[in-house]
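Undergrad: Structure below; questions to follow.
The values are calculated or read from the model by the stated rules, or taken from the named source; none is laboratory data. All figures in this text were calculated on a predicted structure; none of them were measured in a lab. With ideal geometry, Cβ positions are generated from the backbone for all residues, glycine too; neighbour counts draw on all protein chains shown. Just so you know, the surface numbers come from the protein's heavy atoms only, side chains and all, with ligands and any DNA or RNA stripped out. Shrake-Rupley method; radii C 1.70, N 1.55, O 1.52, S 1.80 Å.
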Amino acid sequence: MKKNKNQGTLRRLIIAVLLMLTAAPAVAQRPRCHYEATDSIFIEQLLKEGNTDMLYYARRLSGRYSVAHMPELFPDDERLVINTRQFDCTTFVEFVAAMTLCARHGETTFGQLCAQLQRLRYWNGICNGYTSRKLYFSDWIRDNSRLGLVKELHSPKPPFTGIQTVKANYMTRHPDDYLPLKLHPNLLPEVARQEKQLSGMQFRYIPKEEINNTELMRETVHDGDIMTIVTQKPGLDVQHLSIAVWRNNGLHMFHVSSLRKKVTEESILLRRYLDQRKSCLGIRVIRLAE
């Protein structure tokens, strides 16, 4: 009797170990998420309102503080960082997009928001170290278009008369600007591989000379579209991200302002903003999936 009991215990132990080993890969693909309780509460309160408009979520973040390189809080241990109190231009656009996608799919929990954000931020939706991020925004657009989460506009022509040929090498030439690369130079070959793959690709954009308060522009760029500023700064593809908002006098942007140090609806026209910056050539336009 005792022998049968021991055999039963051993059998149960073996089954438990096998189940743990089988589940291990799925657990490994789920990143540790860094957030505060106020973040999850705020997110679930917003999602339960059921609004499906990008600008709605952008405006609910108005006044939040700006901070550079928000996701790099853990340079030695990549995590899905969620902070609804501070944003840079990329995390702002990502967060608003993730919230909108959740709302459009009827998702109302913090865990579902994490899943959407993870899908947007990481290649194949898997957090596996710093280089698993879509480090250049052109890659962010390409991969999320492949996943059916967004669509980049390329027509009509005009106003999409500009063609950008990407030459990406800024990150490998300036690793000290990125804490994970500064601390872990062994990551540079993988970053260089991604840069090489992206370089040479061409994308249509709207030159700043075409950004006027016309019927054509209003039909082309919609409220809530994501706008990326095409730059001629060596090694970069885009310089800044924002969300489109039309006023009576023309096209403006909702963004994280480095001048005002907060999330805000820009008071000056987008055209004037671009004209004041010689490195800015125009905008690429990305629309979230319905």
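Undergrad: Rounded to the nearest 500, what is the chain's calculated 222 nm mean residue ellipticity when only DSSP H runs of at least 4 contribute -39500 (n - 2.57) each, over all residues?
TA: Only helices count here, giving -12000 deg cm²/dmol.
Undergrad: Can you give me the C-alpha center-to-center distance between region 190-222 and region 257-290, rounded to a whole angstrom?
TA: Going from one Cα centre to the other spans 13 Å.
Undergrad: I've got another one for you. Would you calculate the convex hull of the Cα atoms in region 221-290 and tell me its volume per residue in Å³?
TA: 95
Undergrad: In whole percent, how big is the carbon plus sulfur part of the accessible area of the chain, probe 1.4 Å, protein atoms only?
TA: Of the solvent-accessible surface of the chain, carbon and sulfur hold 53 percent.
Undergrad: Listed here are the pairs K196/K261; K134/K157; K157/K261; K48/K134; K48/K261; K233/K261; which of them are more than 26 Å apart at the Cα?
TA: K196/K261; K134/K157; K157/K261; K48/K134; K48/K261
Undergrad: Whole angstrom only: what separates the Cα centroid of region 154-183 from the Cα centroid of region 110-152?
TA: Their Cα centres are 17 Å away from one another.
Undergrad: Please compute, over every Cα-Cα pair in region 168-290, the percentage with a separation greater than 26 angstrom.
TA: Across region 168-290, Cα pairs with separations above 26 Å total 32 percent.
Undergrad: Can you bin region 203-256 into rounded, prolate or oblate? Criterion: square roots of the alpha carbon gyration tensor eigenvalues sorted a ≥ b ≥ c, rounded for a/c under 1.5, prolate for a/b above b/c, oblate for the rest.
TA: prolate
Undergrad: If I require 27 Å or longer along the helix axis, counting alpha carbons, and a Kyte-Doolittle average no lower than -0.5, what helices from the chain are left? Use full DSSP H segments.
TA: 2-28
Undergrad: I want the antiparallel fraction of DSSP beta bridges within the chain, as a percent rounded to 5.
TA: In the chain, approximately 90 percent of DSSP beta bridges are antiparallel ones.
Undergrad: Count charges around L149 for me, please; just the other residues with Cβ under 10 Å from its Cβ, Lys/Arg as +1, Asp/Glu as -1.
TA: Taking every other residue near L149 into account, the sum is +2.
Undergrad: Another question, if that's okay. Counting pairwise Cα distances across the chain, what percent come out greater than 35 angstrom?
TA: Of all Cα-Cα distances in the chain, 23 percent exceed 35 Å.
Undergrad: So how do 40-46, 173-179 stack up, highest first, on mean other-Cβ count within 10 Å?
TA: The packing order, highest mean first, is 40-46, 173-179.
Undergrad: Now, a different point. For S199 and E44, what does the FRET efficiency come to when R0 = 45 Å and r is the distance between their Cβ atoms, rounded to the nearest 0.05?
TA: E(calc), rounded to 0.05, equals 0.60.
Undergrad: Here is a follow-up. How would region 92-222 be classified by its alpha-carbon gyration tensor: rounded, prolate or oblate, with rounded meaning a/c under 1.5 and the a/b versus b/c comparison settling the rest?
TA: In terms of gyration-tensor shape, oblate.
Undergrad: While we're on this one: May I ask you to give the solvent-accessible area per residue for the chain, in square angstrom, as obtained with a 1.4 angstrom probe?
TA: 50
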